[in-house]
1. Please work out how much accessible surface ARG277 shows to a 1.4 Å probe, ignoring ligands, DNA and RNA, in Å² rounded to 10.
2. Could you order LYS302, LYS228 so the one with the most accessible surface comes first? Probe is 1.4 Å.
3. Residue separation times 0.36 nm, minus the C-alpha to C-alpha distance between VAL396 and LYS347: what's the value?
4. So what are the ³J(HN,Hα) numbers for region 287-303, from phi and the Karplus equation (6.51, -1.76, 1.60; θ = phi - 60°), rounded to whole Hz, Gly and Pro as x?
5. Per q in 0.22 1/Å, what log10 I(q)/I(0) does a Debye calculation on the alpha-carbon atoms of region 283-432 return?
6. If SER108, SER224 are ordered by their accessible area, calculated over protein heavy atoms with a 1.4 Å probe, which sequence runs from highest to lowest?
7. Out of all Cα-Cα pairs in region 139-252, roughly what percent, to the nearest whole number, are more than 21 Å apart?
8. Specify, per residue and in Å³, the volume enclosed by the convex hull of the alpha carbon atoms belonging to region 281-345.
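The values are calculated or read from the model by the stated rules, or taken from the named source; none is laboratory data. Computed from a predicted structure; not experimentally measured. Cβ placement follows ideal geometry from the backbone for every residue including glycine, while neighbour counts extend to all protein chains displayed. Surface areas here come from the heavy atoms of the whole protein model, side chains and all, with no ligands, DNA or RNA. Shrake-Rupley method; radii C 1.70, N 1.55, O 1.52, S 1.80 Å.
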Amino acid sequence: MSCQNGALDLNSRSQPGPKSPERTEGVTADEDYGTGLLENQLSVGDFVKIQRAFESPEPRKTICMSREEFMQRMTEVVGWGTKEEYGELYDKVDMAQDGFITWDKLTSFILLVLYEKEERAKSTVVPQWKDLQFLPVKHKDTIQKVIFLKSSCRYLTISKEGLLGVWGENLKLQETLPITSDATKLKHLWVTSMVSLENVNKIAVAFTSKEICFYDLLSKEEFSCQYKLQGLKGTPICMDYWYDSLDANESILSFGDITGKVQAIAFTAALISLFERPASACEDEEATMTISWAELLSGCHKCCHILEHKLHHGDWVRQVTYNASLDAIISSTTSNTNTMVLAWKEKSKKHLKMTSFNIAQGIHAFDYHSRLNLIATAGINNKVCLWNPYVVSKPVGVLWGHSASVIAVQFFAERKQLFSFSKDKVLRLWDIQYQLSIQRIACSFPKSQDFRCLFHFDEAHGRLFISFTNQLALLAMKSEASKRVKSHEKAVTCVLYNSILKQPTQREDNEDKVLYDNP
């Protein structure tokens, strides 16, 4: 847990007692209230005095204080503050109403206060952006997907005509190559989507030929087709892939098609093989193995099984994703009936229980924040709505500000903020807690009114990609100066706990050691 903001506040206070009134000018009511609290005014020196008051002359004995004792001792030991203020602090620490508090209880409360303060500060930080730039793509048609490969630190872009762009982490174009299946060599058959299968070093590409091809990233011939899934009933137009970070054998490839069907392949032995190779198959491991959808439905492949539903009733499924924290497949359409569907996996793991959201005029996209337990939807009616996944009757929040249809939303997860992008090329950043727009960006985007948009925020690198048909724009965040309090000048290489001294010890590269007091 990082509490750098709170730590800085403690270190910066040199004089005891309340802060001077002039320091609060221009501060909001919330901030003014926060700075006036006793726990926010105590200095490091004050905490040292309080710690000593809790120390017992007898080893291994814990000092407990009642409310009256705490009020009396603290006014004497700290030397400032009223008994009423210390009484209020005591009540916050003794939430369980045990009738006493210890030094451990007090420090746990203070750490929680500092953590919450840092979280609030983080959510109000507005990112600063470098100038908009357009990447030198070679795509001639609509860019369908941008993904980042963690294993090789590369970006991949793919366009409708099947051209794959390979980019370095520095966003320099390394190479372009055609990704096609035999069927896509025919005219008017295109790529519709692409996902990265990080745990098995593959990518999956969907085609209008009702095929999904799996390309191996580690083969001698890079991007060679290892599996070809054929015979799908509808053209897949969106895909998503998830794998269990604790057991990479467990993974789910979900996809939606133009017939309104949502389907998923749940793999149970992904690290060994995605699909079972028949005994009659060619022994050449580089040869492409063809699998029919009917085979998967019949259960011929024991290493995977199928999940599916048809609740979208013929509407094109615009987006689909499996979320592990909900254990549900989320999908959406532009229809106002069954606009967004959550398909919950049952205990048997092979059946789905459906929850349907009817959203006026439909939505273009959605995103889910697991820690906030919120789904954000990009409304065709210009509204961004926030939904509790368990409440279908109405949204828990509505974000107003766009004057055109919202076509993309994505959470800035670490800061509990939300990006939204509208048809009139206005980008907004929202504070989720206060449900307010904290940034509006209207860059020199292409002036064309008719465009296909792809929106992807790479949070790890602070890069926002927005495509306009075959053009790819990049907004990169400026680096922010860190205010983190550091205990070492060099990288920490070892942390040990001394059970006798009850103190942690850290060692850094230059062999310097730091010994910490343990409350």
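1. Roughly 100 Å² of ARG277 is accessible to a 1.4 Å probe.
2. Details: LYS302 160, LYS228 20 Å².
My answer, sorted largest first, is LYS302, LYS228.
3. Working: separation 49, 0.36 × 49 = 17.64 nm, distance 2.87 nm.
So the chain would gain 14.8 nm between VAL396 and LYS347.
4. The phi angles translate into 6, 6, 9, 9, 10, 9, 4, 4, 4, 5, 5, 6, x, 5, 9, 6, 8 Hz.
5. Here the Debye-derived log intensity ratios amount to -1.38.
6. On the way: SER108 70, SER224 15 Å².
Order by accessible area, largest first: SER108, SER224.
7. Details: 2162 of 6441 pairs.
Cα-Cα pairs of region 139-252 separated by over 21 Å account for 34 percent.
8. Details: hull volume 9.4 nm³, N = 65.
Each residue corresponds to 145 Å³ of Cα convex hull volume.
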